[in-house]
Amino acid sequence: MHSTIIFPVLALVASYKVLSILIDHAVWKKYSVLTDIPLLSKSRAEKDKLPGVAIICGGSVSGLFAARICANHFKKVLLIDPEKWITTEKGLEDYYENPNAPKRSRVAQYLGYHHYHLLITIAMSKMFPTFEQELKLFGGKLTQQSEFFYFQGIGPHKMPSGFPSYYGGTYPRTITSTRAGFETMLRRLVLRTCKEVEYVNGTVNDLIYDENTNRVTGVKIKSPNGEITNLEGSLVVDATGPFLGGFHWLKKIPKPPASKSPLLQDLKLSYDPKMSYTYCDFALTPKLEEEFRKYGFPTDADTTSKFYVCFPTGGIDNKQVLFEKGVHLALGSYGPQKRVESIDDIEDFLEELKPKRPLPDFIWEMLNTLRNENAPITFMPIKCPQSVYIKYHEADYLPSNFVVVGDAITQTNPINGQGCSRALVHSIILNALLERTVITNSNGFLPSTFSKQYFIEVKNRTQHTWSTLKSRDYNFPSTIPLPGEDLKTASRFTRFYARLIFPLMLTDPDISGVNYRQTAWLDPPPYVMAPWVVRRAIWGWIKRSSMKGSYTYLCNGKLTLPPSPLRMYLFNVLSTIFIVSASYKVLSIFIKHAIWGKYSILKDIHLLSKSNARAENDKIPGVAIICGGSIAGLFAAQPEKWITTEEGLKDHYDNPTPPKRSRVAQYYAFHHLHLLITIAMKKMFSTAFEKELEHAGGRLTQQSETFYIKGVSSKTPTGFPSYYCNVGGNNTGVYPYAITANRPSFETTLRRLVLQTCTEVEYLNGTVTDLVYDESSNRVTGVKVKRPDVEIIADLEGSLVIDATGSFQGGFRWLKNIPKLSSKSPVNLQDLKISFDPKMVYTYCNFSLSTKVEQQFRKYQFPADAEGDTTSRFYVCLPTGGEDSRQVIIERGGRNLLHFICGGYNYRGGRIESIEDIENFLNEMKPSLKKPLPSFIWEILNTLRSENITTSYMYIKCPPSVYIKYHEADYLPSNFVALGDAVTQVNPINGSSLKNRDYNFPSTIPIQKELEEKGQTTISQFLRGYGAMLFSLITSDADISGVFYRQSAWLDPPLYILAPWIIKRVAWAWIKQLIAF
């Protein structure tokens, strides 16, 4: 009872934690640039820098960031700017106190104050460690948010939470500066610290495109005097901002006929938020500064200037205001706005504002003081441009060495000031991509996927700003949406979720911290959907919805709620259970998909069908040579001549003296082939294989319920869904059908089907003596074959060579002759062969039953239907280790045959040559059985003796188990593979076995390296103990029996034996054994 509760709870909690870590890692890797920040301070050595010149089209902030990045990787960087004064010493001078300073054209708020996101501060400290001193020269500073801060009319506002050590541990310091000061500082730092960067005055007119290589080889520049010149470059970066230079130039490049992407002009998205604002700048005297202190106005030099913010939320509220120390005001609105040209106009605007609480009195007092003191004021009316996003990532024909940064790819409503931060993110992505770039071609070109990969990463890490701000702009009826969208239905979920989150920013420091870090490009965008954020958003919505007059509550500032601890507790418990359960389910699906993808071949079975064969004109050129014509090989060069003639296709089942395969143990013994083979045969040869199999003496059999394991009558294993059981009849969901046949029957069936259905396959009689190896290309060009009728050795050419020589391991012998050149493999091939000897022998006893004996056996509940669907195997006892080292299998063969297989590890009881020897063997097994052998087995043996049944005995000594770790050799020929026993030979006790199982028996001689430890490694001990407990449950637990069957039949991936529910049952069985002991 307790285990039923404890194990699921532990599994749920552990799954939730593991899933959180996996998702966290994947989200940060895909959506965040913060992990790439350390690379900004890393520069290539001079000799390792990329060849050619990096050309930056545009010398503003985005171009300067890109130039700083390219200086890390290229020997020369050209920064092209159309404004001549920028390219002279004037572009580097301090104009902070100069009212007649030159001004950037086409840059709104050039002289207005900006508050740059924390990401820029972090990146600047990495790229320019001394940037803070330069910043002060231009009137900028690093400021920290004061608690004297009002948001949506509520304040003073608490500092958002969630700033760990890499943010500074507290509310972080960020750059506050005019655009002119920041850009000039950045320009000076780039030119003084990066000797690779040069300014060029001119306007880029067009790209120089090479259609043959799909590259931009340079740009065309128009100088101020009208002269057109060409500049060659290895990388071209478009930093032309709102001009969208790259977009206009790339439209001229023809779209290849093979391209499936839309035309570039169809990838440009644009809508108009219809927003405008006025920037009001007051010049404060020391007297005014002193006057404002009595209002609690922030005057500390390290305190940020932003102290009152009110954003519009949609509907009736369409205005925003931003107060900054200085004093600077930004007054904006969606839709028509009255021109602001005086303090009276400012007061009129504020009167129309609808904050959650009325404006604090000190704001009105400040405005009166400014009016009375006749403070100098400057008004800058600004109309926001259209928002634009170009989906370059969807164009598959762009030049491979062309990228776009900043506003040239995405322009959004400047309400949140994302422009410079987005340009920096693009540059960080470019830097990380260049850092990973290795030039492998002789021309020194960037990889052909460089541009495509860049635009995909840009989309992953920046597209959220476009989507988020678009959904925000769509809240206002004045916005003109994208063609084909309407304001009511577009981005509906994003806007709904934002309405859930936004009210919590006023009261919840954690949610406020999430919002800050999201807008500051610190956390990946999916973090806003973290389970705890979703839970608080839903709970906040429930609380607000349950209150009457909730809109009044939101507007008049009554933020306290009547406490409801029981409701909160229940909600927390239920939501936690839901999240943990959902996480467990998601993790299960994720792990299951990963395990099946890596460890199982069942998903690849459908590819075996003839319908999936390549078309004749698509087939790979050359010849495939398979060395070995047994089951592992199809097209073969091998030494047994009768196989390559009509004799190899005949049915020898009734032939008393048929030809026999050499070097194949149990050649005439019946085999029960795993279900995987049955499924694959049906895919490769449809239902024809059943007819051929029956013709050769084999059949499809199904497990009988008369079945004993370790002396205990076993239930039919569970867990066989339809995809295991659609072979051999309508047996969906039950114990499946599998092939039962002796080795010659199955091999002849397979050989006949291959030669009948595959016209490409030919047999060749001969012995492969060596490979023909080409050292220059590291390929096998063919094999050397010795023909029996010709003394000379002939060469066969081939495009693919497959070693199917089985236990002879021809490939291993041939590959040892290949020299190890420039290899990082720590050992030679001969050192990669590992082998141990299980020291196991067994005797295959074959009885030919008469019809009379068949009839007599039916009274013993013996499965006597030789022609039906019941499997021949009805009694199995496998050894578990220690003193229990013997095994016996009793099974039915085809056409009235009965088999006893008696053997064991280090068995020294002498050869089994009579029924009395079988009885002695079974008597010696009694101590290891859970229950005595059923009486009908002894009655069967007595009947066989009294009827003098024809009997044959085959004594078989198991060879050593061998595994060649080809995967650790990195110098093997690129077109050579090995399969079957040529790679791995294991103890044939189950047709597939584990080393750890053989190590349970003291007679086993372990691998040489493990000889000193006697195989007692921690992992092997655990696996052997776990396997023993699992095996003990087979007779009592039908689910575990099903797992065991599917594992040994190659159906489930091997890690499925460590499924939580199996571990729980094994652990509980072990606990019960301890208690019983």
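The values are calculated or read from the model by the stated rules, or taken from the named source; none is laboratory data. A quick note: this is a predicted structure, and the numbers were derived from the prediction, not measured. Reconstructed Cβ throughout: ideal geometry from the backbone, glycine too, with neighbour counts over all protein chains shown. We work out accessible area using only protein heavy atoms, side chains counted, and drop any ligands, DNA or RNA first. Shrake-Rupley method; radii C 1.70, N 1.55, O 1.52, S 1.80 Å.
Observations on the structure shown:
- Our coupling estimate for segment 610-617, obtained by passing each phi through the Karplus curve with A = 6.51, B = -1.76, C = 1.60 and θ = phi - 60°, is 4, 5, 8, 5, 5, 5, 4, 7 Hz, Gly and Pro reported as x.
- With the whole protein complex present, His671 retains an accessible surface near 50 Å², based on a 1.4 Å probe.
- Order by protection proxy (mean Cβ within 10 Å, highest first), peptides 740-751, 202-213, 476-487, 685-696: 740-751, 685-696, 202-213, 476-487
- Segment 248-254 - phi-based ³J(HN,Hα) in whole Hz, Karplus 6.51/-1.76/1.60, Gly and Pro as x: 5, 6, 5, 4, 7, 6, x
- Summary of the geometry: segment 322-353 and segment 55-70, compared by the centres of their Cα atoms, lie 35 Å apart.
- Equivalent ellipsoid dimensions for segment 388-518 as semi-axes, Å, which come from the Cα gyration tensor, largest first: 34, 19, 11
- Between Asp344 and His25, the modelled labels are 6.7 nm apart [label points 7 Å from Cα along Cα→Cβ].
- Between Ser848 and Glu883, the FRET efficiency from the beta-carbon distance, with R0 = 41 Å, is close to 0.70.
- Cross-link table Lys103/Lys220; Lys459/Lys592; Lys220/Lys252; Lys585/Lys1072; Lys103/Lys287; Lys452/Lys592, entries beyond 20 Å C-alpha to C-alpha: Lys103/Lys220; Lys459/Lys592; Lys585/Lys1072; Lys103/Lys287; Lys452/Lys592
- Rounded FRET efficiency, nearest 0.05, which uses the C-beta distance separating Trp85 from Glu365 and R0 of 45 Å: 0.60
- Here each label is just a point 7 Å from Cα along the line to Cβ, and for Ser270 and Phe493 those points are 3.0 nm apart.
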